[in-house]
Amino acid sequence: MPDDEALDPRTAAALIEQAQAHARDELAIKQPRLYAAWGAAWLVGLGAMWLSVRGQHPYRDPAGWSVAILAALIVAAIAITIITTSQATRGIGGASVRQGVMYGLAWPAGFAALFVIEGALSHAGANGKVMGVIGATGPLLVTGLIYVVAAAIWLDRTMSGFGIWLLAVAAAAAWAGPVGALAVGALAGGGGFLAVAAYLSRKPG
């Protein structure tokens, strides 16, 4: 290739920076979709579980169908998150793509660890009320932690603030008992996600 057609280091660096900026812009544009997906998962999933236990005296366990709804919605939200992140960082090398991959993998890894811990607690003899509190607050705790860490990667103030909000919701819900925790998680967690999605969809570019 002739020298005048070769890319000099400054031009190459500028192209890489432009591609990375494009990826950040693409991810920012699609953020409302991500927040809406998780909002639907928490509002509908935890709401379904709350409906199945609100009349239980004494408390037993959420109905199997409600747990299945939450699990399916979480899987769908994780898939949407991974696909959206992959699309935004497609064609980009270096640190940006590694950040996207690690962020995407954090979701299934975090929830897999949570489900294993829940199984271990049940095996150790934890009663239904304890398992109910863990089942309602654990997913919010995992999500909040991932959001706070991801905010540090992308320097996203909205994500950081909302991650802290989710951690506060999880902590507060844990004191509401197994039934109350589901209601708090559905309304403050799921409703919070949907509120942020609406805010970002109206936010100027």
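If you check L167, L114, L200, L141, which single one turns out to be on the phi < 0 side of the Ramachandran plot, surrounded by 15 or more Cβ atoms within 10 Å (Cβ to Cβ) and touching a residue at least 60 places away in the same chain (Cβ under 8 Å)?
The unique qualifying residue is L200.
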Every residue in the range 144-164 that is surrounded by 16 or more Cβ atoms within 10 Å (Cβ to Cβ) and not aromatic (F, W, Y), please.
G144, L145, I146, V148, A150, A151, D156, T158, M159, S160, G163
When the range 170-190 is examined, which residues are found to be exposed (fewer than 14 other Cβ atoms within 10 Å of the Cβ) and either farther than 19 Å from G110 by Cα or basic (K, R) (or both)?
W175
Would you confirm whether any residue within the range 170-179 is at positive phi and in a helix (DSSP H, G or I)?
yes
Would you check which residues across the range 29-85 are crowded, with 18+ Cβ neighbours inside 10 Å and farther than 24 Å from A197 by Cα and list them?
S52, V53, P62, S66
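Every residue, every condition in (1) assigned to a helix (DSSP H, G or I); (2) within 16 Å of the chain's Cα centre (by Cα), yes or no:
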{"residue": "W107", "(1), (2)": "yes, yes"}
{"residue": "A112", "(1), (2)": "yes, yes"}
{"residue": "F115", "(1), (2)": "yes, yes"}
{"residue": "E118", "(1), (2)": "yes, no"}
{"residue": "G125", "(1), (2)": "no, no"}
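FYI, it's all coordinate maths here, none of it is from the lab. Please read all numbers here as calculations on a predicted model, not as lab measurements. Here the Cβ is made from the backbone with ideal geometry for all residues, glycine too, and neighbour counts use every protein chain on show.
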